[in-house]
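Here's the structure we're looking at; comments come further down.
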Amino acid sequence: SELASNVEFLYVRGLALCYNGQPEQAKKTWMEALRQDPDNSTCRVALKRMNRQEEAKEKGNTAFKSGNYDAAVTHYTEGIEQDPNNKTIVQALYANRAAAYHKQKKNKEAIADCDKALEINDGYAKVYLRRGDIRMEMGEYEEASRDFNKAHQLDPNIGARQKIRDAELEAKKAARKDYYKILGVEKTASEDEIKKSYKKLALKWHPDKNSASEEQRLEAEAKFKDISEAYSVLSDSQKRQRY
């Protein structure tokens, strides 16, 4: 019938608006379809799914602001799962979940989510900046420098200039460090030997275990940073080869 084909058209139009970053227009279109055909389950489900996705994002943001990062991750994940095809909101959910993972010190997960956000939108300056910050913490200074440069290129006002300088300086310093010496292993050391030595030294120099005095804590922090940096390079075959 004419009504059915008009409602079908409105559903498809709503979907196109939704997936092109116009959620409010999509909602209006589906509401109009439901006004014409109140029993149309396709539009009702689409509307409900979109509302749930937006709600999950809001709940995640609220949890993040209050420092409840576990809950934030849960809500952002729910949002992603509601409709992975709604790229506009999903890229923001990945970026936000990356920030929550970063706060939890889950840097690998945070990097993976930054990567996913950038796969959807490679012009997302804020995510390059965020990934650069995480890579700095992981001792991946050259990669961090690339991310900061990209962020600056996309948005010169994002505040990446100093970060670029810091990353380049750390990269130069790192180039002068003897990572094998830091981990106390031979240049021919196997992956297992490197891992074993890293675990032993990381345990010994963990700042929480060396906090008797401020001086001791600062020394432990510096050693721990070097150990983590050395392991980050030597445990990755490509980075180790370049080094």
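Summary of computed values
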| quantity | calculated |
| --- | --- |
| Sites N121 and V45, calculated FRET efficiency, Cβ-Cβ separation with R0 35 Å, nearest 0.05 | 0.85 |
| Computed helical MRE - 222 nm, the chain, DSSP H runs ≥ 4 contributing -39500 (n - 2.57), nearest 500 | -25500 deg cm²/dmol |
| Global geometry of the range 77-127, whether rounded, prolate or oblate, following the gyration tensor of its Cα atoms and the 1.5 cut on a/c | oblate |
| Most positive-pole-ward Cα, A98, F148, A33, against dipole of the chain from beta carbon charges | F148 |
| Peptides ranked, highest mean first, by Cβ atoms within 10 Å: ranges 145-152, 48-55, 235-242 | 145-152, 48-55, 235-242 |
| Set K116/K177; K65/K116; K65/K108 screened for pairs whose C-alpha atoms are more than 31 Å apart | K116/K177 |
| Whole-Å distance, taken between Cα centres, linking the range 182-243 and the range 84-110 | 28 Å |
| Per-peptide average of other Cβ atoms within 10 Å, ordering 129-139, 113-123 highest first | 129-139, 113-123 |
| Read-out log10 I(q)/I(0) by the Debye sum over Cα atoms at q = 0.08, 0.10, 0.11, 0.15 Å⁻¹, derived from the coordinates shown; its label in [x] -0.27, -0.43, -0.53, -1.01; [y] -0.32, -0.49, -0.60, -1.05; [z] -0.46, -0.64, -0.73, -1.08 | [z] |
| Under 24 Å from K181, Cα to Cα: lysines that are on another chain or at least 8 residues apart | K172, K173, K195, K196, K199, K200, K204, K209, K223, K225, K239 |
| Dipole of the range 179-242 [Lys/Arg +1, Asp/Glu -1 at C-beta], most positive-end residue of S211, Y179, Q238 | Q238 |
| Ordering of 98-105, 199-206 by burial proxy (mean other Cβ atoms within 10 Å per residue, highest first) | 98-105, 199-206 |
| HN-Hα J in Hz across the range 110-121 - Karplus 6.51, -1.76, 1.60, θ = phi - 60°, x for Gly and Pro | 5, 4, 4, 6, 4, 4, 5, 5, 6, 5, 6, 9 |
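Values quoted throughout were computed directly from the atomic coordinates according to the rules given, and no laboratory measurement underlies them. This structure is a prediction, so every number in the text was calculated from the model and none was measured. Cβ: placed from backbone, ideal geometry, glycine included. Neighbour counts: every protein chain shown.
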